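So the structure is just underneath, and the comments pick up after that.
The values are calculated or read from the model by the stated rules, or taken from the named source; none is laboratory data. From a predicted model like this one, the values you see are computed outputs, not experimental measurements. All Cβ positions, even for glycine, are placed from backbone atoms using ideal geometry, and neighbour counts span all protein chains on display.
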Amino acid sequence: MKKEIQTEITNLRQKAEGLLKKRPLKKGSQPLESEMIKLIHELEVHQIELEMQNEELMLKKKEIEELATEKYTELYDFAPSGYFTLSKEGKIIELNLCGSQMLGKERSLLKNRLFGFYVTNDTKPIFNQFLNKVFNNKAKEICEVTLSTNNNSPLYVFLTGITTDKGEHCLVTMVDITHRKKAEKELIKTKEKAEESDRLKSAFLQNMSHEIRNPMNAIIGFSEMLEKHDLTKEKQKIFINNIIYNSHKLLLNINNIITISSLETKQEKVIINKVSINQLMNDLLLLFEKQTLNRNISIFGKPQLTDKQSEIYTDKTKVIQILSNLINNALKFTPQGFIEFGYNLKNNNLEFYVKDSGIGIKAEMQGIIFNHFRQVDEKDNRKYEGTGLGLSISKAFIELLNGKIWVESEPENGSTFYFTIPYKPVDKISK
Ligand code: ADP
């Protein structure tokens, strides 16, 4: 540096001396030798002064340059976005700290790697197109891609790219938009859920009006027919049975609607009383046996405990409603064969089962049917009537009683619904 300055000064001096020689001497301006020596001394002192000032200036310039580089590096490295310099092939030439953190690898390990290597397969075409456009159009380009990084969850990023002056490299900024993308996805899911629930509610209302109108029409129709005078006793009995059956069906549907609304508003209460499970099963058997008349189905109940042991504390109405829903379904979805219901004592729980030899349920629907309004067949022209409420009510009741419900089934091979309730025997507790 000093040498450069020296030559600069020498050059300047030579130039000045050349210029001085070319200037014509003014008449009578020949200085005395002593004055010349003084003048030269003055000049030399000035020159040294200037040299010193120059050196100081150079040092300051260097300091400022170093400070600027330091500030730039700080800004570059600790910027909240990733900065990359990429070659035409997409190789990482340079990157900042944030960029390496986002890719989940040390900076030195990322240099000369292909940026596209970290882009997920499904968004790779978007990235390749982006890179091509950046180099071909020489204008600012943007895109959104997903990166697969070391930690398992994908990173959604927004890229902005532009070529540098000579068009050999491009500068890419990378912003993490994972939170925004996740929020977007949640929003779409919520919207889809709302639409689904809207669709199910409309279908339910349509079903419901059908499920109310049908038994009502049957009740009115058979009552009118009863008025005829020439009816045989046998016909009268059939009509009366039809009226009773349809009235029960209507009542069940109305009860289901009331129950669903009281469950949704958390108004449903558990009322514990002494219940003889064997007695309850017997009553249900008698009731449902009537529905198997004239059908090729046999129904039987299997009590496992003695009558005394089967006396427990639980909510009788709820247990009746759960079992009735399951047996009703078994009857509905079993064209012919058998229905068996019973219970076993397991780990201080009564494990009830309702088994049928009916149409069965495909595996992918076995979890869904416990949700409100859901049915295996949701087409308008479906074969089996129903509102899709029975199982969701049963599940909610069982959970209120601290039990659980599940199903084992195979299409065309029947279904067995299981549910548990705590076994709290009256006998043991009163002792
Ligand atoms: P619903 O019977 O009124 O449609 P549920 O909630 O009781 O409503 O049942 C929901 C669906 O689960 C039924 O529509 C049917 O597709 C299926 N399902 C329930 N029980 C059985 C069963 N025993 N056999 C075959 N499918 C069943």
Would you check if Tyr423 is surrounded by 19 or more Cβ atoms within 10 Å (Cβ to Cβ), modelled with pLDDT of 95 or more and under 22 Å from Asp307 (Cβ atoms)? yes
Tell me, please, whether a residue that is touching a Pro at 6+ places or on another chain (Cβ under 8 Å), over 19 Å from Thr173 (Cβ atoms) and polar (S, T, N, Q) can be found in the stretch 98-111. no
Taking the stretch 268-294 as the region of interest, how many residues are out of contact with any helix residue (DSSP H, G or I) (no Cβ under 8 Å at 6 or more places or on another chain), of a type outside the set (Val, Ile, Thr) and outside any helix (DSSP H, G or I)? 4
The condition of being more than 9 Å from the ligand (Cβ to nearest atom) and either in contact (Cβ under 8 Å) with a residue 12 or more places away in the chain or in a strand (DSSP E or B) (or both) holds, among Ala330, Ala396, only for Ala396
Just checking, which of Ile299, Ile322, Ile368 is loosely packed, with under 15 Cβ neighbours inside 10 Å and within 16 Å of the ligand (Cβ to nearest atom)? Ile368
Please count how many residues of the stretch 315-344 are farther than 17 Å from Glu408 by Cβ and among the polar types (S, T, N, Q). 6
Taking the stretch 205-240, which residues are in a helix (DSSP H, G or I) and of a type in the set (A, V, I, L, M)? Leu205, Met208, Ile212, Met216, Ala218, Ile219, Ile220, Met225, Leu226, Ile238, Ile240
What pairs come out if I take residues in the stretch 360-380 that are of a type outside the set (Val, Ile, Thr) and pair them with residues that are more than 8 Å from the ligand (Cβ to nearest atom) and at pLDDT 90 or above whose C-beta lies under 8 Å away, six or more apart or interchain? Gly360/Glu410; Gly360/Pro411; Gly360/Glu412; Gly360/Asn413; Lys362/Pro411; Phe370/Lys395; Phe370/Ile405; Arg374/Ile368
When the residues of the stretch 92-141 are filtered to those that are small (Gly, Ala, Ser) and under 33 Å from the mean Cα position of the chain (by Cα), which remaining residue is surrounded by the most Cβ atoms within 10 Å (Cβ to Cβ)? Gly99
Close pairs from the stretch 104-131: first more than 15 Å from Ser148 (Cα to Cα), partner basic (Lys, Arg) and modelled with pLDDT of 95 or more, Cβ under 8 Å, at least 6 apart: Asn112/Lys91
Go through the stretch 399-431 and give me each residue that's more than 11 Å from the ligand (Cβ to nearest atom) and of a type in the set (Gly, Ala, Ser). Gly403, Ser430
Residue in the stretch 82-100 that is farther than 24 Å from Gly167 by Cα, touching a strand residue (DSSP E or B) at 6+ places or on another chain (Cβ under 6 Å) and part of a helix (DSSP H, G or I) present: yes
Restricted to the stretch 49-93, and to residues that are hydrophobic (A, V, I, L, M, F, W, C) and touching a residue at least 60 places away in the same chain (Cβ under 8 Å), which residue is farthest from Val119 (Cα to Cα)? Ile93
Examine the stretch 347-355 for a residue that is near the ligand (Cβ under 7 Å from one of its atoms), under 22 Å from Thr292 (Cα atoms) and surrounded by 21 or more Cβ atoms within 10 Å (Cβ to Cβ), and state whether such a residue exists. no
Just for the stretch 304-319: of the residues that are crowded, with 16+ Cβ neighbours inside 10 Å and acidic (Asp, Glu), which one is nearest to the ligand (Cβ to nearest atom)? Asp315
Whichever residue in the stretch 354-387 is farther than 26 Å from Ile299 by Cα and among the hydrophobic types (A, V, I, L, M, F, W, C) and, among such residues, is farthest from the chain's Cα centre (by Cα): Phe373
